[in-house]
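Notes for the one structure printed next.
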Amino acid sequence: MLDELSSKEDDINARIGQNIKIEREKRGWSLTDLAEQSGVSRAMIHKIERGESSPTATSLARLAGSFAMSMSQLIALTEVQPGTLLRHAQQPVWQDPETGYIRRHISPGDIPLDVVSVELPPHTDVPMPAISYLSRRQLIWVLEGTLRFQEGDNLFEMNVGDCLELGDPTDCVFTNATDDICCYAVMVLKTTL
């Protein structure tokens, strides 16, 4: 069972890498161009595109933001098919190799709303750069546990049922400072450019 999960994770990371390369090439960008846009090193982008390295949550957020996409949009390109029903077993799941943070893309199809479920392990910090919040509005809804959310200079202690609308794009940090898992949903309203 563990080998199957590891293989599935390797597979989704390889497809994420392929989609990053496709999105980069669609824009006519070189690796250097994408590195300048995202703040992720050229060498790391090359490794991610070739499936030789798994992106961290922060690097994936930076890369997606440089394409004016959310992380969930970029991950969803790997598996989501058009339609109105996305069964649990079909929902793309991605795990950050650095923190163990798990993201599940829940919303089906290509609508202007992304719904993502996140499991944040105990004693974990996940920084997200401002670039991942450009051209979109977001809500965070805590489903289980306690979330400490740092949005620029603002710190929010959130408990089960609390929902926060994010403000202007700024660097953010999701923190689970407890001994228990924290689960929350992120809803992203994409604006059309």
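The values are calculated or read from the model by the stated rules, or taken from the named source; none is laboratory data. Because the structure is a prediction, the values reported are computed rather than measured. For neighbour counting, all protein chains shown are included, and Cβ atoms are generated from backbone atoms with ideal geometry for every residue, glycine included. Only protein heavy atoms, including side chains, enter the accessible area calculation; ligands, DNA and RNA are left aside. Shrake-Rupley method; radii C 1.70, N 1.55, O 1.52, S 1.80 Å.
Miscellaneous remarks
- Hey, Leu189 open to solvent by 60 Å² or more (accessible area, probe 1.4 Å), touching a residue at least 60 places away in the same chain (Cβ under 8 Å), more than 22 Å from Thr56 (Cα to Cα) and assigned to a strand (DSSP E or B) or not: yes
- Sole exception among (1) under 25 Å from Asp125 (Cβ atoms); (2) in contact (Cβ under 8 Å) with a residue 40 or more places away in the chain; (3) out of contact with any Asp or Glu (no Cβ under 8 Å at 6 or more places or on another chain) for Thr56, by number: (3)
- Test for Ser107: is it surrounded by 13 or more Cβ atoms within 10 Å (Cβ to Cβ) and either assigned to a loop (DSSP other than H, G, I, E, B) or more than 16 Å from the chain's Cα centre (by Cα) (or both): yes
- Scope segment 43-64; condition in a loop (DSSP other than H, G, I, E, B) and either surrounded by 21 or more Cβ atoms within 10 Å (Cβ to Cβ) or touching a Ser or Thr at 6+ places or on another chain (Cβ under 6 Å) (or both); matching residues: Ser54, Pro55
- Residues being touching a strand residue (DSSP E or B) at 6+ places or on another chain (Cβ under 7 Å) and buried (at least 19 other Cβ atoms within 10 Å of the Cβ) - total across segment 125-137: 3
- Qualifying residue in segment 144-167 (condition: open to solvent by 40 Å² or more (accessible area, probe 1.4 Å) and at positive phi): yes
- Test: residue in segment 87-95 that is modelled with pLDDT under 85 and outside any helix (DSSP H, G or I): yes
- The requirement of being open to solvent by less than 60 Å² (accessible area, probe 1.4 Å), part of a helix (DSSP H, G or I) and on the phi < 0 side of the Ramachandran plot is not satisfied by Ile22.
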